[in-house]
Amino acid sequence: MNQKKSKFLISCMIFGYAFLYVPIFLLILYSFNYSPLLPVWGGFSTRWYSRLLESPEVWDATLLSLKIAFISATVATVFGTLAGLALARVGQFRGKTVFTGMISAPLVMPEVITGLSLLLFFITLWQLTGWPQQRGMFTITIAHITFAMAYVAVIIQSRLAGTNRALEEAAMDLGAKPLRVLTDITIPMLAPGMMAGWLLAFTLSLDDLIIASFVSGPGSTTLPMMIYSRIRLGLKPDINALATILIVSVAIGVFIAGWIMLRQQKQRALLANE
Amino acid sequence: MAASDQLTGPWYARITGAIHRNLTSLIVGIPFFWLLLFFLVPFFIVLKLSFAESIIASPPFTSLLDWSKGGFPEIAINTENYLYLIEDDLYTKTFLNSLKIASICTIICLLIGYPMAYGIVRTQGTWRYIFLLLIILPFWTSFLLRVYAWMGILADQGTVNDILLYLGLIDKPIKLLYKPIAVYIGIVYTYLPFMILPLYANMEKLDSSLREAAMDLGANPVSTFFTVTLPMTLPGIIAGSLLVFIPATGEFVVPDLLGGGNVLMIGRLLSSEFNANHDWPVASAIAVVLLIVLVVPMMLYHKVQAAEASN
């Protein structure tokens, strides 16, 4: 497809990207506003940043969110990889239909339903066994593992569908046991997919408000829960400062990852041409 | 022979032996068990609770199995919560309103997203990559903060009103925030990338020779689009539309922050029945009805995904 784009297409793209990015730029701009009355401009200032960094509440919430995101992303990557292998490499097994349904449902399930059902589950479990006595970090982590592993499984499944099985089959023919094939061939082959899955799971966990609000208990406030409780009542300049820090760091990360991937692609294309 | 060696060997050999023998069951079993326990069982609890009675207690519902009469438990099924949802027209209205908002937003996302995806596919080299990254970037940034950005834009003293006042188009600020329009804008804004990515993935694989053949045979660009390009991109359109429509129907954050209670949406109503009214059985009944409403589009999405995966 190498035709010139029509004026219509170009204006659609300009409008679309402006629609996606102007709000983010305004959000960043107002974080440097001296005036506490958003969005009235009162001169340049970084005072909201210092106020933000001085607040222990923000640090606590950030730390809790990072802990939950780290643990849940790691476990979700392991479980999601197993699930992806089960879908793509294990032939028929009993309950495969139920299994594929349970893997694809969390991707589109409204979060209020997931949150409500997990909370009721934890309460029922507590009634029956006396555990978990308190909801908080632990219950949020379980909830995040459950929905993030579905995303990881989909990534792994599509990677597996795209690779050929010649290497795995060759190793088997040479007498390698299935576990050896898995650890020495399949998993290294899947490593980039697992990395992408881990990052996605980590971000989903950091970003989740609704499910965490349902399954959390007193004293466990994640970063999105803290942000939400503040902005419900209106505009808060220190939240703009927080948003700026988060968005800029994510943007840098995405562009570095994108650049590395582009370079790898170009190298591969060069090798293929030689 | 190898198996019997492992059964009598040192403990680690026995463990690796067990893993070797049960590798397939472990690969399937671990995620299966987890999802069964934390995904499927919780649903049955919601279903069960939707047939329970609401009481003032902690937790605020009656047990389905009544052991009080001794011997066999009586099953106390109570359909009152569902009848209540039908009788009080607030719920029907809210359901219909959610479906209406989700459908309109899906169409707007398609109208904005389709030409964008098409434009990205038609771009060559590094720029295509950068355009694509700019679509992916919002996925990685906080949903909540992207909604928050619009609070500043749509507020009475916000950017839109500032510009309109400056241009002299209005003499006093118009109300945008906490109105339906704010909810529409918010949903289209946050879900647009979910529309563009499946469309892009679909268009990227398309063979442009069919379109060129139609053009060579004298079809004009408009009829080429409607007879060749549009039918070929239908799987992408369906996948993208469902990825917007399904979560938008149950959306909570956007109507809560931008609609401020003036816009009825079912996700928000469910949450307020649960958190503010403490009526857990009614909240569960809403969840069950919402799931029933969404199960057809969800299965359709599953089918489209499976068809894409097998291609």
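The values are calculated or read from the model by the stated rules, or taken from the named source; none is laboratory data. What you see is a predicted model, and the numbers here were worked out from it, not measured in a lab. No Cβ is skipped: glycine too gets one built from the backbone with ideal geometry, and neighbour counts run over all protein chains shown. Note: accessible area is taken over every heavy atom of the protein model, side chains too, but ligands, DNA and RNA are not part of it. Shrake-Rupley method; radii C 1.70, N 1.55, O 1.52, S 1.80 Å.
Kirkwood-based Rg over Rh for chain A (C-alpha set), two decimals? Result for chain A is an Rg/Rh of 1.04. Looking at chain A, the accessible area is 50 square angstrom per residue; that uses a 1.4 Å probe and ignores ligands, DNA and RNA.
Rounded to the nearest 20, the size of the Cβ-charge dipole of the protein assembly as shown about its Cα centre is 1160 debye, with Lys and Arg at +1 and Asp and Glu at -1. Report B:PHE226's accessible area, 1.4 Å probe, all protein chains in place, as a number in Å² to the nearest 10. Solvent-accessible area, nearest 10 Å²: 120 Å².
Rounded to the nearest 100 Å², what is the buried accessible area between A and B, both sides summed, probe 1.4 Å? Write down the numbers at each step before the final one.
On the way: alone 18000 and 19290 Å², together 28640 Å².
Summing both sides, the interface buries roughly 8700 Å².
Its Cα centre serving as origin, region A:64-242 has a Cβ charge dipole (Lys and Arg +1, Asp and Glu -1) of approximately 200 debye. Once you have the Cα-Cα distance between B:ILE163 and B:ARG128, take 0.36 nm times their residue separation minus that, and quote the gain in nm to one decimal. Value of the extension gain: 9.3 nm. Each of A:VAL154, A:LEU118, B:ASN277 was placed along the dipole of the protein assembly as shown (beta-carbon charges, centred on the mean Cα), and the one lying farthest toward the positive end is A:VAL154. For chain B, the spread of Cα positions along the three principal axes, ordered from largest to smallest, is 76, 65, 36 Å.
Within the accessible area of chain B, what % is carbon and sulfur when the probe is 1.4 Å and the other protein chains stay in place? Please list the in-between numbers first.
Working: 10370 of 14990 Å².
Carbon with sulfur: 69 percent of the solvent-accessible area.
Sorted from greatest to least, the principal axis extents spanned by the alpha carbons of region B:84-141 come out as 59, 23, 9 Å. Near the amide H of B:PHE61, within less than 5 Å, lie the amide hydrogens of B:ILE55, all on another chain or at least 5 residues away, with H placed in the peptide plane.
Averaging Cα coordinates gives a centre for region A:242-261 and one for region A:135-149; these two points are 25 Å apart. Average projection, convex hull of the Cα set of region A:16-102: 10.3 square nanometres.
Shape class of region A:175-242 from the Cα gyration tensor (axes a ≥ b ≥ c, square roots of the eigenvalues): prolate, since a/c reaches 1.5 or more and a/b is larger than b/c. Heavy-atom surface analysis with a 1.4 Å probe gives region A:41-117 a carbon and sulfur content of 65 percent of its accessible area.
Roughly how large, in nm² to one decimal, is the mean projection of the convex hull of the alpha-carbon atoms in the protein assembly as shown?
Numbers: hull surface 140.2 nm².
About 35.1 nm², averaged over all directions.
Amide H contacts of A:ASN33 (H built 1.01 Å from N, in plane; Pro and chain starts excluded): A:SER45 sit under 5 Å, all sequence-distant by 5 or more or on other chains.
With the highest mean first, a sort of the peptides A:196-202, B:132-138 on other beta-carbon atoms found within 10 angstrom per residue produces A:196-202, B:132-138.
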